[in-house]
Each structure stands twice: as C-alpha cells, then as structure tokens.
Amino acid sequence: AKLEWDVYADQQFIDDTPDMPDVKAFPLDVERVAQFIAQGNIVAWTQGRCEIGPRALGNRSILAAPFSGGTRDRLNVIKKRESFRPVAPICLEEEVERHFHWSGPSPHMMYFQKVKNADLQAIMHVDATARAQTITARQNPRMHALLSAFSKATGAGVLCNTSLNFNGTGFINRTSDLYKYCKDTGIEAFVYNDKFCIIDH
C-alpha cells in the first residue's frame with residue numbers, strides 16, 4: 001500500500017468554545033497579525049492539523065519578532081527553559097539566502113546555517129548559527145502569507161518559532177488550552193481557525 005505522508009498530518013484543532021470574557025476576536029488578517037508581532041508582541045499560532053513529531057513547523061507555534069535578544073529571553077521564560085537556549089527561526093524560502101548562508105529548502109528544521117543578517121539577534125546561537133525552517137506557499141500557505149506580510153512590514157521574512165505546548169506535553173490542540181496557556185504565560189494574542197484574538201491582560 002502507498003502512504004501519503006505529510007508533517008502536518010496529526011490531529012485537527014478542536015474548538016471547545018470556552019468562555020473568554022477578556023478576549024477581543026477579529027477575523028484573521030495576516031497583515032494585522034504581522035504588524036502586531038512587529039510591535040513586540042508574541043502570538044500563539046494554530047492552523048490546520050498538528051505537526052507529526054516534536055518540532056513546531058508552523059501549525060502549532062509561538063511566534064515573535066527575531067530582532068532582540070530580549071525576545072529570546074522572554075520566550076525561554078514562557079517555555080520554562082534555560083536562558084541560554086536558542087530559539088529557531090522560520091523563514092520564507094525565497095529569502096533564506098539573504099538572511100543565512102544557505103540556499104534552497106530546509107522544510108523540517110534539520111540543518112544548521114550561519115546567520116548573515118546581524119539584526120536577527122533573537123534566533124542566533126553564540127556561534128552565529130541558527131537552525132532555520134524554510135517555508136513555501138505550497139508547503140504552508142497561511143504561514144507563508146504571514147511571513148510575507150512580516151517581511152513587508154519589517155524587511156525580513158523571518159520569525160522566532162518555538163513549539164506551542166504546555167511544559168512536558170504535546171502540542172496544544174483545543175481552544176480552552178490555548179486560552180489558558182496564553183493567560184498563564186502572558187502571551188498577548190492567539191490565532192485559531194480564522195480568528196485573531198487579543199487578550200486584555
């Protein structure tokens with residue numbers, strides 16, 4: 001038998017419609033989300049099915065601007081990790097040569113690359129490397145659209161991307177858990193289905 005394998009073939013997201021009295025929900029507009037992230041906010045992002053495996057590849061991700069070491073520090077606090085731990089970037093494939101010493105695809109975040117763009121402080125290891133994931137419109141159209149909007153807003157189609165999960169558990173996959181996680185960690189907003197939700201912390 002032939003199998004059609006895809007990294008985004010795990011469980012569908014479940015909207016269990018929790019009460020969220022301090023949330024303002026808007027129709028999902030990637031340009032609005034990109035501007036929000038560019039302003040220094042962090043967004044918990046869920047789209048489509050979960051990834052298979054332990055890595056966030058753009059469907060269950062915590063996203064942030066890649067320009068400040070302080071952002072890396074905040075993400076490590078959110079993730080309850082040591083402060084020295086690096087945060088991986090997710091990048092438009094068509095821009096990867098501009099930001100990294102790499103050409104072509106790296107869709108599964110398997111390889112390390114030297115960082116060209118010194119502005120990407122949040123995703124740079126101490127040896128000036130990163131383990132980037134590249135994205136194409138065919139591979140993940142919604143994430144590609146968000147990265148394109150972020151590139152338009154900031155000049156770099158790159159975001160910090162770390163896995164959206166409670167410490168020691170699998171990916172967050174229902175609205176009530178998504179809301180609780182953002183409330184507990186101070187994440188400013190979250191995306192699910194076709195909604196962009198900003199929390200009044």
### Message
Under 12 Å between alpha carbons, and skipping anything fewer than 8 positions from Lys79 in its own chain: which aspartates and glutamates qualify?
### Response
Asp184
## Note on the structure
From highest to lowest solvent-accessible area (probe 1.4 Å; ligands, DNA and RNA excluded), His201, His99 read His201, His99
### Summary
Once the mean of 1/r over all distinct C-alpha pairs in the stretch 63-195 is inverted, the Kirkwood radius in Å reads 15.3 Å
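Give me D for the stretch 81-154 in µm² s⁻¹, whole number, from Stokes-Einstein with Rh from the Kirkwood sum over alpha-carbon pairs, 20 °C and 1.002 mPa s.
D = 170 µm²/s.
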### Task
In whole Hz, with x marking every Gly and Pro, tabulate ³J(HN,Hα) for the stretch 13-18 from phi via Karplus 6.51 cos²θ - 1.76 cosθ + 1.60, θ = phi - 60°.
5, 10, 8, 9, 6, x
### Hydrodynamic radius (Kirkwood) for the stretch 60-112, which is based on Cα pairs only, to one decimal in Å
12.6 Å
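Looking at the stretch 75-110, which GluC sites (Glu not before Pro) are DSSP coil and have at most 11 other C-beta atoms within 10 Å of their C-beta?
Passing sites in the stretch 75-110 are Glu82.
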### Query
When the helices in the chain are scored as -39500 (n - 2.57) per DSSP H run of 4 or longer and the sum is shared across all residues, what 222 nm value do you end up with, to the nearest 500 deg cm²/dmol?
-7000 deg cm²/dmol
### Query
For the stretch 1-119, which whole-number percentage of the solvent-accessible area (1.4 Å probe, protein heavy atoms only) is attributable to carbon and sulfur atoms?
52 percent
### Message
Going by average Cβ density within 10 Å per residue, which order do the peptides 17-23, 192-198 take, highest to lowest?
### Response
192-198, 17-23
### Message
Looking at the stretch 78-201 only, what percent of DSSP beta bridges run antiparallel? Nearest 5 please.
### Response
80 percent
### Query
Remind me, relative contact order of the stretch 66-132 in percent, using alpha carbon pairs under 8 angstrom and six or more residues apart?
41 percent
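Calculate the tail of P(r) for the stretch 148-191: the fraction of all Cα-Cα distances greater than 12 Å, expressed in %.
Values: 639 of 946 pairs.
Cα-Cα pairs of the stretch 148-191 separated by over 12 Å account for 68 percent.
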### Task
Diagonalise the Cα gyration tensor of the stretch 1-124 and give the resulting equivalent ellipsoid semi-axes, square root of 5 times each eigenvalue, largest first, whole Å.
25, 22, 15
### Summary
Phi-derived 3J(HN,Hα) across the stretch 88-96 with the Karplus relation (6.51, -1.76, 1.60, θ = phi - 60°), rounded Hz, x for Gly and Pro, is 7, x, 10, 9, 4, 4, 6, 10, 4
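The values are calculated or read from the model by the stated rules, or taken from the named source; none is laboratory data. The model shown is predicted, which means the values in this text are computed figures rather than measured ones. Cβ atoms come from the backbone with ideal geometry, glycine included; neighbour counts cover every protein chain shown. For the accessible areas, the whole protein counts, side chains as well, though only heavy atoms, and no ligand, DNA or RNA atoms are used. Shrake-Rupley method; radii C 1.70, N 1.55, O 1.52, S 1.80 Å.
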